[in-house]
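Engineer: Before I ask anything, here is the structure I am working with.
The values are calculated or read from the model by the stated rules, or taken from the named source; none is laboratory data. Keep in mind it's a predicted model, so treat the numbers as computed, not measured. Neighbour counts are summed over all protein chains in view; Cβ atoms, including those assigned to glycine, are modelled from backbone coordinates with ideal geometry. Quick note on the areas: whole protein, heavy atoms, side chains included, nothing else; ligands and nucleic acids left out. Shrake-Rupley method; radii C 1.70, N 1.55, O 1.52, S 1.80 Å.
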Amino acid sequence: MTHTLTIGAVAKLAEVNIETMRYYERRGLVPRPPRSTSNYRQYPEETVRRVRFIKRAQELGFTLKEIKGLLALRVTPRAKSSQVRERVRHKIEAVDAKIKALEAMRSALASLEVRCSGRGNIGTCSILRSLDENDA
C-alpha cells in the first residue's frame with residue numbers, strides 16, 4: 001500500500017498554503033485525490049513533487065495554463081523534449097519583450113525626472129504638466 005498525505009501535509013512539504021492546494025485542484029493542476037472514509041483528501045506522495053514543480057514554473061513566469069501544458073507533456077508518451085524547449089523559447093521571448101517595455105518606461109521616467117528641478121510649488125511641476133499633456 002502506498003503512503004498518502006493529507007492536504008495539510010502536502011501543503012507543508014511543498015511550502016504552499018492549503019488554499020493554494022485547493023486552487024490547484026480546482027484548476028486541474030493537481031488531480032482530485034480519493035477521500036478517506038472520514039472525508040479527508042488522500043494525496044499520493046508524488047503530489048508534493050508536482051506542487052513544487054508548479055511553484056518553480058510560476059517563479060519562472062509560466063502561467064498556470066502554460067504549466068498545465070507542461071504537466072500534460074510530461075505524461076504524454078510521444079512527447080519530445082523539443083516541445084518543452086519550444087515553450088521555454090516562447091517564455092524567453094516574452095520576458096525579453098517585458099524587459100524592453102520596462103527599459104522604455106524607465107527611460108521615459110528618467111526623462112521626466114531630469115525635467116524637474118524639484119523646486120517651486122506643485123502648480124509648476126513639470127512632471128505633472130508633462131503627464132497632463134501626454135508629453136512623457
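Matching residues to (1) closer than 26 Å to G8 by Cβ; (2) at pLDDT below 95; (3) in a helix (DSSP H, G or I):
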{"position": "N39", "(1), (2), (3)": "yes, yes, no"}
{"position": "K55", "(1), (2), (3)": "yes, no, yes"}
{"position": "I67", "(1), (2), (3)": "yes, no, yes"}
{"position": "A97", "(1), (2), (3)": "no, no, yes"}
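Engineer: Sort through V48, V95 and tell me the only one that's over 16 Å from the mean Cα position of the chain (by Cα) and of a type outside the set (D, E, K, R).
Structural biologist: Details: V95 fails: over 16 Å from the mean Cα position of the chain (by Cα).
On inspection, the qualifying residue turns out to be V48.
Engineer: With closer than 22 Å to K68 by Cβ, among the β-branched types (V, I, T), loosely packed, with under 14 Cβ neighbours inside 10 Å and modelled with pLDDT of 95 or more as the only criterion, which of I7, I18 stands out?
Structural biologist: Values: I7 fails: loosely packed, with under 14 Cβ neighbours inside 10 Å.
Step by step, each of I7, I18 is checked, and only I18 is closer than 22 Å to K68 by Cβ, among the β-branched types (V, I, T), loosely packed, with under 14 Cβ neighbours inside 10 Å and modelled with pLDDT of 95 or more.
Engineer: Restricting to region 69-83, name every residue that is assigned to a helix (DSSP H, G or I) and either in contact (Cβ under 8 Å) with a residue 24 or more places away in the chain or open to solvent by 60 Å² or more (accessible area, probe 1.4 Å) (or both).
Structural biologist: Across region 69-83, the qualifying residues are L71, R74, S81, S82, Q83.
Engineer: I would also like to ask the following. Against the conditions (1) at positive phi; (2) open to solvent by 60 Å² or more (accessible area, probe 1.4 Å), where does R56 fall short? Just the number, please.
Structural biologist: (1)
Engineer: Would you pick out the residues in region 22-37 that are open to solvent by less than 50 Å² (accessible area, probe 1.4 Å) and not in a loop (DSSP other than H, G, I, E, B)?
Structural biologist: Listed by number, the residues that qualify are Y24, E25.
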